[in-house]
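Reviewing the structure listed below.
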Amino acid sequence: MPFVVKSLLIILAMMIHSATYAATLRVNPETHNLAEVIDNVSDGDTILLEAGEYRANLLIEKPLTLQGLSGAIIDGGGHGDVLRILSADVAVKNLRLRNSGANLTDMNAVVFIEDTAYRTTIEDNKIESSAFGIWLQNTEEAMIVNNRIQGDPAIRSQDRGNGIHLFNTRRTKVIGNTIWNTRDGIYIDTSNHNVLRDNNMHHLRYGIHYMYSYHNDIIGNRTHNTRTGYALMQSKYLTVTGNRTENDKNYGILMNYILYSTISDNLVSDISHGSSTGKDNKAIPGGEGKALFVYNSQHNEIHNNTFANSGIGIHLTAGSVNNQIYNNNFMKNRTQVKYVATNTQEWSKDGRGNYWTDYLGWDLDADGVGDRPYQPNDGVDHVLWKYPAAKILLNSPAIQTLRWVQEQFPVLRPPGVKDSYPRMNPASLSEDLQ
């Protein structure tokens, strides 16, 4: 028998064997003990849960699918984990999962995925969390898709767990989830080569929080009404593109010790500050109000973003140098740039600068680029940042004279940001952000 034909017959036999022996069992809470059913099914079986409440703390140690029909609830009774998954190739779908323990020290979670549970799928579930929603520990290739994860607003924010927590997790995809009222929406620690895409997060401390993680993609996510939309810390080689955040209190995007990363096509708007007003014309208290805060971050590309309607468009500090910042839109921020340094940073690349709504230059040759550089800060700004009490002198003749002298004699202007090719029109974002 030819080798190819023999190989095809073997594959067909395996498929027939799999189809023959993978069973589907239908259970209900009145006549079945769910834990016993899980212990007795075979590898690869599917368990369909009929409507009703199943009181259980389940340990899943074999590959199977646990799928709910409409109205199926698994309740953990307020202690431990609702589901703890130890086997590879487990799928949990279309269930309402609730009432785990609330002990953060013990890492209580509604779904806890162990290091042996490769290729876990958690999809289309509603998760009600008193501690952590989904915790992934030392695992790989999980799919966390289209879940709704809700924390308990009656618990103080700092005492809640995170919606989705990845620790030392690799090649996992977190896609299309909605998370609110947890501490952080998605927290990633020491985890590489993961993708976070199209998640929606609100009413949190941080929407997405990165620590010590490399080669991760953050694409097309939405956050609003957080303290910080995207907190990126001590990480390298991140791709942060096509995201949106608005109505945050402190920062839209925070970059803290970020290296060799790309921040592009993001829309950050309405980051509050102490004297701003909301839609009801009431003052928004407190808050840093920074659309982008860059702290000790180097060798990054920041382009084609819009930073708008915030207290500060971008604040650079603590050695944030060697970043390429171009083709961004800085629109109607109270302060466009805050940067105190002893050297000048050029914010353009290959003749492409940024768009500034307060640029007062002209374009006589109609090439779309301003004929004079944009320099957002002067000596007065530096004085006011170092000595805030000096603001009472802002409209005094002395301050006005100082600004006039700097304008007439540029050599007296202190080092700072310079955009030699300011755009006369806004740069375009990706079509999905128009």
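The distance between label points at Met107 and Arg26 comes to 3.9 nm (points 7 Å beyond Cα on the Cα→Cβ vector). Length gained on full extension, Asn138 to Tyr260: 41.4 nm, using 0.36 nm per residue less the C-alpha separation.
Checking every one of the chymotrypsin sites (Phe, Trp or Tyr not before Pro) in segment 321-358 against DSSP loop status and a limit of 14 other Cβ atoms within 10 Å picks out no site at all.
Cross-linked pairs Lys236/Lys332; Lys249/Lys332; Lys62/Lys93; Lys62/Lys126: Cα-Cα separations exceed 20 Å for Lys236/Lys332; Lys62/Lys126. Sparsely packed loop sites in segment 31-121 (the GluC sites (Glu not before Pro) outside DSSP H, G, I, E and B with at most 16 other Cβ atoms within 10 Å) comprise Glu61.
Heavy-atom accessible surface of Ile325, to the nearest 10 Å², is about 0 Å², with a 1.4 Å probe and all protein chains retained.
The H on the amide N of Lys126, modeled in the peptide plane, is under 5 Å from the matching H of Leu95, Arg96, Leu97, Arg148, each at least 5 residues off or on a different chain. Using a Förster distance of 22 Å, how high is the FRET efficiency between His215 and Glu346, based on the Cβ-Cβ distance and rounded to 0.05? Efficiency computed from Cβ-Cβ geometry: 0.15. I want the local charge near Lys173. Using Cβ-Cβ distances under 14 Å, sum +1 for each Lys or Arg and -1 for each Asp or Glu among the other residues. It works out to a net charge of -1.
In terms of Cα atoms, the Rg and Dmax of segment 74-178 work out to 12.3, 36 Å. How far is the Cα center of segment 21-88 from the Cα center of segment 179-244, in Å? With segment 21-88 and segment 179-244 each reduced to a Cα centre, they are spaced 31 Å.
The values are calculated or read from the model by the stated rules, or taken from the named source; none is laboratory data. Note that this is a predicted model, so its numbers are computed, not measured. Every residue, glycine among them, receives a Cβ derived from its backbone with ideal geometry; neighbour counts consider all protein chains shown. Ligands, DNA and RNA are stripped out before the accessible areas are found, and what is left, the full protein with its side chains, is counted by its heavy atoms. Shrake-Rupley method; radii C 1.70, N 1.55, O 1.52, S 1.80 Å.
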